Each structure stands twice: as C-alpha cells, then as structure tokens.
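Shown next, in structure tokens, is the structure this report addresses.
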Amino acid sequence: MRFTPTPLPGAWLLEPEPVGDERGHFARTFDRAEWEAHGMDPRVEICASSVSTRTGTLRGMHLQAGAYGEPKLIRVARGAIFDVFVDLRPESPRYRRWYGAELSAANGRMLYAPPGLAHGFQTLADDTEVLYMIGAPYVPDAATGVRWDDPLLAIDWPAPPPGGRTITARDRAWPLLEP
C-alpha cells in the first residue's frame with residue numbers, strides 16, 4: 001500500500017498496490033503494522049456503509065466532538081465521490097483547512113482521518129456505495145458538524161450546490177464557523 005500524507009496533519013491518502021493475473025487482482029486495504037508505522041490508529045470499532053442513489057448528493061460535514069472523536073478510513077465500493085476532510089483541531093497548524101480527493105471503486109483510493117477532522121463527500125455517480133471503518137464508538141450526544149458551504153472553509157465542491165433530496169435538512173442547518 002502507498003501512503004501519501006495530505007496537507008492535514010495525521011490524514012493520509014492510501015492507494016492499494018494490486019497484484020494481478022488473468023483472474024483479476026488482489027490488494028491489501030488494511031495492515032495494522034503499516035498503519036501503526038505511519039502513526040495511524042488501527043482500531044476498528046464500527047464498519048458502516050452508505051448508498052447514495054443520485055449524482056451530486058452531499059453528505060456532511062460531520063464529526064464526533066471532543067473526547068469522542070473518531071479516526072476514519074473511507075473507501076468507495078461502487079461509484080465515485082469527492083471526499084473532503086476539514087481540520088477542526090484548534091491546535092493544528094492547518095486549523096480550518098480542508099483536503100479533498102476523488103475516491104472511486106475504479107481507482108481504489110482511500111482516505112484516513114484522525115479524530116478532530118470533519119468529514120463529508122459529494123457523489124460523482126449514481127448508486128454510489130461508501131464504506132467506513134471507524135475507530136471509536138458512536139456517541140449520539142457528541143455528533144456535530146459544520147456547514148458544507150461555510151465561506152470560511154471555501155470548499156471547492158465539484159458540482160453546484162445541492163438541493164432537494166440530495167442534501168438533508170440537518171446538513172443544511174449545521175452552524176457556520178465563527179470568524
């Protein structure tokens with residue numbers, strides 16, 4: 001697996017290195033020792049998936065606050081997304097900066113984020129399935145988020161602002177960050 005650091009401290013772009021033959025290919029998508037060697041938390045408490053039926057669907061920006069922060073690995077099983085992390089750790093040199101990358105079933109890329117980064121994505125294809133490996137239990141009272149269109153973040157989403165059924169009322173209602 002190739003590990004490429006992102007501009008956000010502790011966040012990584014991971015690219016499996018498939019070994020193929022006439023039958024197809026095989027690639028590792030998780031290796032505890034490699035994760036630990038790169039300073040990543042290898043715990044997996046929850047595995048989850050989401051399916052978005054429409055291109056342009058936006059989910060986010062979500063995080064678990066404070067001590068309930070979740071390390072996450074994001075991977076696409078079907079379709080494609082523009083995946084985004086926002087650094088909301090006040091002590092980080094990249095505080096309030098974002099990083100995004102295209103993840104797809106075809107390119108096999110994955111993104112890892114340590115706790116304290118908000119996560120969201122916009123689908124680039126119909127019927128996209130996203131897989132999550134999450135390293136902490138979900139605590140409903142710690143669930144929070146920030147607006148996907150916050151002018152302080154200025155995230156450069158690939159498609160026009162979503163509407164209707166492609167973004168939830170909850171995600172439209174997250175607060176804007178204080179300047």
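For semi-axes √(5λ) of the Cα gyration tensor in Å, several values are listed as [x] 25, 21, 14; [y] 22, 20, 15; [z] 48, 14, 12; flag the one computed from this structure.
From the options [x] 25, 21, 14; [y] 22, 20, 15; [z] 48, 14, 12, the structure gives [x].
Determine ³J(HN,Hα), in whole Hz, for all residues of region 120-128 in sequence, where each value follows from phi through the Karplus function 6.51 cos²θ - 1.76 cosθ + 1.60 and θ = phi - 60°; x replaces Gly and Pro.
Result, ordered by residue: x, 7, 10, 6, 10, 8, 5, 6, 8 Hz.
Quick one: 3J(HN,Hα) in Hz for region 154-160, Karplus 6.51/-1.76/1.60 with θ = phi - 60°, rounded, Gly and Pro as x.
Karplus values, whole Hz, x for Gly and Pro: 6, 5, 8, 5, x, 10, x.
Using a/c under 1.5 as the rounded threshold, could you call region 92-175 rounded, prolate or oblate? The axes a ≥ b ≥ c are square roots of the C-alpha gyration tensor eigenvalues, and prolate needs a/b larger than b/c, oblate otherwise.
The shape class here is rounded.
Once you order the gyration tensor axes a ≥ b ≥ c over the Cα atoms, which shape class does region 23-107 get: rounded for a/c under 1.5, otherwise prolate or oblate by comparing a/b with b/c?
Values: a/c = 1.82, a/b = 1.18, b/c = 1.55.
Taking the square roots of the gyration eigenvalues as a ≥ b ≥ c, region 23-107 is oblate.
Extension gain Arg78-Leu152, at 0.36 nm per residue separation less the Cα-Cα distance, in nm? Intermediate values should be presented prior to the final figure.
Numbers: separation 74, 0.36 × 74 = 26.64 nm, distance 3.19 nm.
Contour length minus Cα-Cα distance gives 23.5 nm.
Since every read-out is calculated from the coordinates, none of them should be taken as a lab result. Keep in mind it's a predicted model, so treat the numbers as computed, not measured.
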